[in-house]
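First the structure, in the form of structure tokens, and then the observations on it.
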Amino acid sequence: MRWRIGVDIGGTFTDVVVADERGGRLDVVKVPTTPRDFAQGVLEALAAAARAHGVEPGQVSLLAHATTVVTNALLEHKGARTALLTTAGCRDVLELRRSARASLYDLFQDGPDAIVPRHLRLEVRERLDAQGQVVEPLHMEDVDEAVDFIKRHDVQAVAVCLLYSFLDDAHERRIGARLRAALPEVPVFLSSEVLPEIREFERTSTTAVCAAVAPILASYLERLESALTRQGFPAPYVMGSSGGVFTVAEGLRMPAMAVESGPAAGVIAAQLLGRQLGLPNLISFDMGGTTAKASLIEQGAISTTSDYEVGGSGHARRWTHGTGYPIRVPVIDLAEVSAGGGSIAWIDPGGALRVGPESAGAEPGPVCYGQGGERPTVTDADLVLGYLNPVALLGGGLPVHLDRARAAIEARIARPLGQGLLEAAAGIVDVVTAGMAATLRIVSVERGHDPRDFSLVAFGGAGPVHAARLAQELEIPQVIVPPLPGGFSALGLVASDVRRDYAKTFYARLDKARLEDVTAVYAAMEASAREMLRGAGVPEGRREIARAADCRYIRQAYELTVPVAAGPVTAAVLRRLAADFHDKHRLTYGHANADEPVQLVNLRLSAVGKLAGLDLSRRPGPGAAAPPATTREAYFGETGLVRCDVLPREALPPGMRRAGPLIIEAVDTTIVVPPGWHCRVDARGCIVLGQGEIPA
């Protein structure tokens, strides 16, 4: 037997999915997250999965891991003490940022503190012009002075970003060689290695982010890899923000790729599910313990963006920036809101009910968990409304305290608002639903898509509880709850391919670009890509290389990324690229000008190592019989309290159809089918919810 294992650390639970490559069996194990030591939590989760399913370390062919270490370090301002070496006169690029503002009329809005404080930003004399020609040679004595300064100030990482180094990196390479020789224990990141692209601020920010998180990520991944390999497990892959996994070594070369690691895995799993169900248009909806995430899949394709900010609200709205640290790496285009099962309900000074952004997380958790939480959360409201099992969750593994949840909502929400207990709990759910509906609108309506043309794939531990209400809000016709929804992101980890993206600025008019120069840049990137795939152990027959280019009209400020045809770079290939750019410009902005010259800005290349396919059908393994069906009262706004059948998911046969109100319980989640909705079980074990009467 050969197993794939995916481990996803969430805000409340760490999920482990085990997938039998040959028999197709899938299952999930959930254990509480250990915020004080994530690596220890991963090891405990793997041990629990091994005990539950008899998995021997030597039987594991793939172990993939999604980590929040990079994102958390930036959100919590706990990055390493970092120095920045830059061209004289460019010391304050990180402070100047861009003029973009998340709130146009907020005159007092500030960006985050610079990731490198000013006293650690060091200037060296050197200068290239806009064509890459040397204006002033590099003064190595400035570099030597910087080395002495770094030693005296206990710097833990160094970023180097020189003006126009994406055109000629000779000065950066000389500085890097001197720093690495003099400071062998200090990681050094060169912008020409991290992001050889135009735009000074974004390039500096991305390089500085990599340096700031590198020691933290290295400590975590190296400890984890060492512990796993000592136990006989294979070295872990890490999930990347663009929807592929990469090796630990590759992640340490480019730490920014590990941002949004877990959410990306869930979107990949939704894409694979849609492919197997023949549904190309999907909205993925992932609601866990601390956040809810949404992303759109159109015609089977996932949208990615390189305009991403860590630690701000820029990732929620594609065109809004100014609150976080920009990183120019491909990130799956998703929207996120602080709305999860652990989101805390509270009353603001104006007497309005609010939910989040603060979360109870894994420690202390919701009040009903009995682990010290005192403030009511969404999970407590779901429990009081009758949606969740009033005795225990996780198949009996997590006892809950209904009386404590009731008391917390009564004292902190119901009495201050002059409401009854159920009315207050329903209000909490209404507020969090409104916030999540706004997130779904961001990835659909605000992107120019009609949500009525899509199906909603709901997962995460809390997603299926709230999915039907969300779909009703946006008139989405059906909801699909996949197998193992509570561990669906972890499932995406074992279904992801190895992936790495490369880019290089190539600034030229398309009709005047020298074919041999374009060919040379692509060849250099392809050589790096093939070396990466070889190091990851991907066989030759499973390697795929795809090329693209960032193009714009002359005098435009921003680009569109357009695929480039495979094969030799010829004049015909570049003409096809221009035609494709005009088409994409028309689709994106509503107009195009075929007579306007097209400018090349960046050349891009994606390297993919294809893994063997994985069937997402649920085939339960041997185990105890499913618990019997029961009933309990649940509260819905349109009906009040009503007695609902409560069915165990394990006992539902393919083809079963039932009308709501209905509650379906599984080990990893609960599915709520409200009044006026129906559900059916398809041949793959997915539960499909729709509005109205049961179709004939």
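The values are calculated or read from the model by the stated rules, or taken from the named source; none is laboratory data. Predicted model only: the values in this text are computed from it and were never measured. Reconstructed Cβ throughout: ideal geometry from the backbone, glycine too, with neighbour counts over all protein chains shown.
Among residues belonging to region 182-204 that are among the hydrophobic types (A, V, I, L, M, F, W, C) and either under 17 Å from C90 (Cα atoms) or buried (at least 19 other Cβ atoms within 10 Å of the Cβ) (or both), point out the one that is farthest from the chain's Cα centre (by Cα). If we take residues in region 182-204 being among the hydrophobic types (A, V, I, L, M, F, W, C) and either under 17 Å from C90 (Cα atoms) or buried (at least 19 other Cβ atoms within 10 Å of the Cβ) (or both), then V186 is farthest from the chain's Cα centre (by Cα).
Okay, residues lined up against (1) part of a strand (DSSP E or B); (2) touching a helix residue (DSSP H, G or I) at 6+ places or on another chain (Cβ under 7 Å):
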site	(1), (2)
V238	yes, yes
F246	yes, yes
E250	no, yes
M257	no, yes
G266	no, yes
Q271	no, no
I283	yes, yes
A294	yes, yes
I297	yes, yes
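If the condition is being in a loop (DSSP other than H, G, I, E, B) and closer than 18 Å to L279 by Cα, then region 439-469 contributes S444, H449, D450, F454. Contact annotation: residue pairs with Cβ atoms under 7 Å, 6 or more positions apart or on different chains, pairing a residue in region 54-71 that is in contact (Cβ under 8 Å) with a residue 12 or more places away in the chain and assigned by TED's automatic domain parsing to the domain that holds V18 with a partner that is of a type in the set (F, W, Y) and in a loop (DSSP other than H, G, I, E, B), are P57/F233; V60/F233; L63/F233. Screening V573, V569, V562, V538 for residues that are on the phi < 0 side of the Ramachandran plot and in contact with a Ser or Thr (Cβ under 6 Å, 6 or more places away or on another chain) leaves exactly one candidate, V569. Scanning region 662-687 for residues that are under 29 Å from the mean Cα position of the chain (by Cα) and assigned to a loop (DSSP other than H, G, I, E, B) yields A666, V667, D668, T669, D682, R684, G685, C686. Can you list residue pairs whose Cβ atoms sit under 7 Å apart, with the first residue in region 581-598 being in contact (Cβ under 8 Å) with a residue 24 or more places away in the chain and the second being loosely packed, with under 15 Cβ neighbours inside 10 Å and of a type in the set (K, R)? Count only pairs 6 or more apart in sequence or on different chains. Going by the 7 Å Cβ cut-off, the qualifying pairs are P597/R509. Let me confirm something: among V538, V569, V562, which residue is part of a loop (DSSP other than H, G, I, E, B) and touching a helix residue (DSSP H, G or I) at 6+ places or on another chain (Cβ under 7 Å)? None of the other options fit; the residue is V569.
For region 218-231, check the following and say yes or no: at least one residue is over 19 Å from V124 (Cβ atoms), surrounded by 22 or more Cβ atoms within 10 Å (Cβ to Cβ), in contact (Cβ under 8 Å) with a residue 60 or more places away in the chain and among the hydroxyl-bearing types (S, T, Y). No, region 218-231 contains no residue that is over 19 Å from V124 (Cβ atoms), surrounded by 22 or more Cβ atoms within 10 Å (Cβ to Cβ), in contact (Cβ under 8 Å) with a residue 60 or more places away in the chain and among the hydroxyl-bearing types (S, T, Y). Look at region 529-553: where a residue is farther than 30 Å from T588 by Cβ and free of Cβ contacts under 8 Å to residues at least 60 places away in the same chain, no partner that is in a loop (DSSP other than H, G, I, E, B) and among the polar types (S, T, N, Q) sits 6+ places away or on another chain with Cβ atoms under 7 Å. Look at region 340-355: where a residue is farther than 13 Å from G435 by Cβ and touching a residue at least 60 places away in the same chain (Cβ under 8 Å) and a partner is outside any strand (DSSP E or B) and among the small types (G, A, S), sitting 6+ places away or on another chain with Cβ atoms under 6 Å, you get G341/G289; G341/A462; G342/G289; G342/A360; G342/G361.
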